[in-house]
Amino acid sequence: MSLNAPKGLQDVIANESSICFIDGGQGILSYRGISIHELATKSTFEETTYLLWNGKLPTAPELEAFSAELTKARQMHPDIIEFLHAVPASAAPMEVLRTAVSLLSIYDPDEKLVNHEGNLRKSFRLTAQIPMIIAIFDRIRKSLDIVPPDPSLTHSGNFLWMLNGEKPTETATKALDVALVLHADHELNASTFAARVIAATLSDMHSAVTGAIGALKGPLHGGANEAVMHLLEAIDAAGEDPVEHVRAMLDRHEKISGFGHRVYTTEDPRATHLRKMSEELGRDANPKWYEMSRKIELYIKEQKKLNANVDFYSASTYRTLGIEIDLFTPIFAISRISGWAAHVIEQHDDNRLIRPRADYTGPVYPAPYIPMSERT
């Protein structure tokens, strides 16, 4: 019996949520009803995370206490650091992150709790520790000393400091902070849905986030920004004109990453801000990545009527910040942990097991059972 399910569950309403609202036709993205444009220009990642977890913007004392809790959570168990030392330097950072987050649960005092307060405490620790894992592993694989967190820096500033060992500029810190705000949540995307399915079994926060990282790792989800940067570097290394290179790719029917979106039929509102960030960073450093990206964007828009999505300009933004390409998707996780945590909290607060049905397309029942002696 056919259930008439659309492929990929496109536009199927799978759950209720008060966290994120998207109108793909109007290019609207909001967290708790507040426009992403306002949050990107007026908010910080810490304030945005508070909003996602608590359903309202914080007062000044509430934000101060929230930031202090994140600062307090920037601690790493020695066994996790030992694990990061033991991992081959050639390991993919997303695989290292996935395994390390799973390992964190063993040392978390609230590991078995699935109640609201326990989930909040775990959310602080995971949000603080995920960027530490990424920065520490990157330093270790480069045979550099681990940089301890600086309590005077913001969440974004701390990651850049621990990654590079240099105090980040105000422009760099702001650029990363805006990127983290823009990536913080996006309704029931693949990784968030995976997290909610796991949480709905009453499994723990770390299990749900580990599953979410596994989903984010895929090139059709979080990995697209890496593909964009590989394209830009290939064009640059060959000394080719970006438009001519992309035209040849289209002639060969090859996919250009960073364009189009399953939900948005107009411009991805996150791309609007990342385009600006890429341009501003380019003025202070190397403008070539933005300039190449802009030429490609205009050409694809003209030829294919496709808009740039969040991945397209996040690539040039992160590269101009001096971040390695294989860290692009882990940085997505640094941001999205705020949304994953919000969804796990919401799921556990009002839980029902998520158990959809499949549209069966196999042999018609009852299929005959063929004895072994008659099988060919």
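Separation of the range 95-118 and the range 314-376, taken as the distance between their Cα centroids, equals 19 angstrom.
Our coupling estimate for the range 30-44, obtained by passing each phi through the Karplus curve with A = 6.51, B = -1.76, C = 1.60 and θ = phi - 60°, is 9, 9, 6, x, 8, 4, 4, 5, 5, 5, 5, 9, 10, 10, 10 Hz, Gly and Pro reported as x. Amide H contacts under 5 Å for I28: D23, restricted to partners 5 or more places along the chain or on a different chain, H placed in the peptide plane at 1.01 Å from N. For the chain, the Cβ-based charge dipole about the Cα centre amounts to some 600 debye (Lys, Arg positive; Asp, Glu negative; other atoms uncharged). Derived scalar couplings between HN and Hα for the range 143-152 equal 6, 10, 5, 5, 9, x, x, 10, x, 7 Hz in order, rounded to whole Hz, by the Karplus curve 6.51 cos²θ - 1.76 cosθ + 1.60 (θ = phi - 60°), x for Gly and Pro. Can you tell me how the range 237-289 classifies by the Cα gyration tensor, rounded, prolate or oblate, using a/c under 1.5 as the rounded cut? Verdict is oblate for the range 237-289.
Taking the helices alone, the chain has a mean residue ellipticity at 222 nm of -18500 deg cm²/dmol, built from -39,500 (n - 2.57) per DSSP H run of at least 4 residues and averaged over all its residues.
Comparing L9, I106, S90 along the charge dipole axis of the range 1-132, the residue lying farthest to the positive side is L9, per the Cβ-charge model.
Computed over the Cα atoms of the chain, the ratio of the radius of gyration to the Kirkwood radius (Rg/Rh) comes to 1.00.
For the range 144-192, the relative contact order works out to 26 percent when only alpha carbon pairs closer than 8 Å and six or more residues apart are counted.
Between E291 and S152, full extension at 0.36 nm per residue minus the direct alpha carbon distance yields a gain of 46.6 nm. Highest mean first, the peptides 235-243, 261-269 sorted by other C-beta atoms within 10 Å per residue fall in the order 261-269, 235-243. For V364 and S17, the FRET efficiency from 1/(1 + (r/R0)^6), where r spans their Cβ atoms and R0 equals 45 Å, is about 0.75. Across q = 0.10, 0.12, 0.24, 0.26 Å⁻¹, the range 224-320 modelled as identical point scatterers on its alpha-carbon atoms has Debye log10 I(q)/I(0) values of -0.23, -0.33, -1.36, -1.55, in the order of the q list.
Close amide H pairs (under 5 Å, H built 1.01 Å from N) link C20 with R32, residues at least 5 positions away or on another chain.
Proximity of backbone amide H atoms, modeled 1.01 Å from N, is registered between F259 and N309 at under 5 Å, excluding neighbours fewer than 5 places apart on the same chain.
When each of the peptides 185-192, 174-181 is scored by the mean number of other C-beta atoms lying within 10 Å of its residues, the order from highest to lowest reads 174-181, 185-192. Residue by residue, the range 289-302 carries 3J(HN,Hα) couplings of 5, 5, 4, 4, 4, 5, 4, 5, 4, 5, 5, 5, 4, 6 Hz when phi is fed to the Karplus relation 6.51 cos²θ - 1.76 cosθ + 1.60 (θ = phi - 60°); x denotes Gly or Pro.
For the peptides 137-148, 247-258, residues were scored by their other Cβ atoms within 10 Å and the scores averaged per peptide; the highest-first order is 137-148, 247-258. Between S35 and E117, the distance separating the two model label sites (each 7 Å from Cα on the Cα→Cβ line) works out to 4.0 nm.
Read-outs throughout are calculated quantities, based only on the coordinates presented, and are distinct from any laboratory measurement. This structure is a prediction, so every number in the text was calculated from the model and none was measured. All Cβ positions, glycine included, derive from the backbone under ideal geometry; neighbour counts span all protein chains shown.
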